[in-house]
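Reading through the structure tokens given below for one structure.
The values are calculated or read from the model by the stated rules, or taken from the named source; none is laboratory data. Because the structure is a prediction, the values reported are computed rather than measured. Positions of Cβ are generated from backbone atoms using ideal geometry, with glycine treated the same way; all protein chains shown enter the neighbour counts.
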Amino acid sequence: MSRQIVLDTETTGLDPKTGHRVIEVGCVELRERRLTGNNLHIYLQPDREIDHQAIEVHGITNEFLLDKPRFQEVASELKAYLTGAELLIHNAPFDVGFLESEFAIIGDEFPLTSICSVTDTLAMARKMYPGQRNSLDALCKRLGVSNGHRTLHGALLDSEILADVYLTMTGGQTALSLDADRGTSETSKGKSEPINTDNLVVVYANESEMAAHEAWMAKLAAS
């Protein structure tokens, strides 16, 4: 059975080579193009300060992480969860580089591709839509994927949105329904039903949040 993991991380900064660390990992599992509800979401204590620019993007503070586990405490669980899957990551070199760095820090150095395969959905989108913006937000707008609830970056939220974007890009799958109470998911069969958006409330980022987001994304693009 085909098993895919949509993965995203949040970090203290831009480059693990300068000592930056992973502070959040969010994973959403797909089997045969269906959400399973077998997701993995971890916050981590990085033992260092988070860059102010990073906090403006993801909203995770140093104080919030004080009682969270360190990477070494969750490494075995994460490695087992990822083993054998195809990882779907938007701008994969960024997240892969950080995860490999975290494993190396605890003395378990290995290329992530030795335990799973990696598909970069950003590279995929650039091939499908050359010359266009292919950020996650831009893809949501282009493909009609709802992301109005995304005012800040978050690893699990971004993975859930990317799962919807990926399925829409690769096969016309358009309706994902997450049941938060039961932790299950449903995939529509056949033609999707029209969605009534009359009563949707869209929360937009303010000017300072947008400026911080654009500055962060510009740094990512240059890295």
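Observations on the structure shown:
- Criterion: without any contact (Cβ under 8 Å) to a residue 40 or more places away in the chain and either in contact with a His (Cβ under 9 Å, 6 or more places away or on another chain) or buried (at least 18 other Cβ atoms within 10 Å of the Cβ) (or both) - qualifying residue of Arg126, Arg48: Arg48
- Residue within the range 60-80 that is among the hydrophobic types (A, V, I, L, M, F, W, C), closer than 25 Å to Asp137 by Cα, surrounded by fewer than 21 Cβ atoms within 10 Å (Cβ to Cβ) and free of Cβ contacts under 8 Å to residues at least 40 places away in the same chain present: no
- Contact map, the range 20-38: residues that are assigned to a loop (DSSP other than H, G, I, E, B) paired with residues that are exposed (fewer than 15 other Cβ atoms within 10 Å of the Cβ), Cβ distance under 7 Å, separation 6+ or inter-chain. Pairs shown: Arg21/Arg48; Glu32/Met1; Glu32/Ser2; Arg33/Gly171; Gly37/Gly183; Gly37/Thr184.
- Residue ranges of helices (runs of 4 or more DSSP H) in the range 49-137 with at least 2 members touching a strand residue (DSSP E or B) at 6+ places or on another chain (Cβ under 6 Å) and at pLDDT 95 or above: 71-82, 92-105
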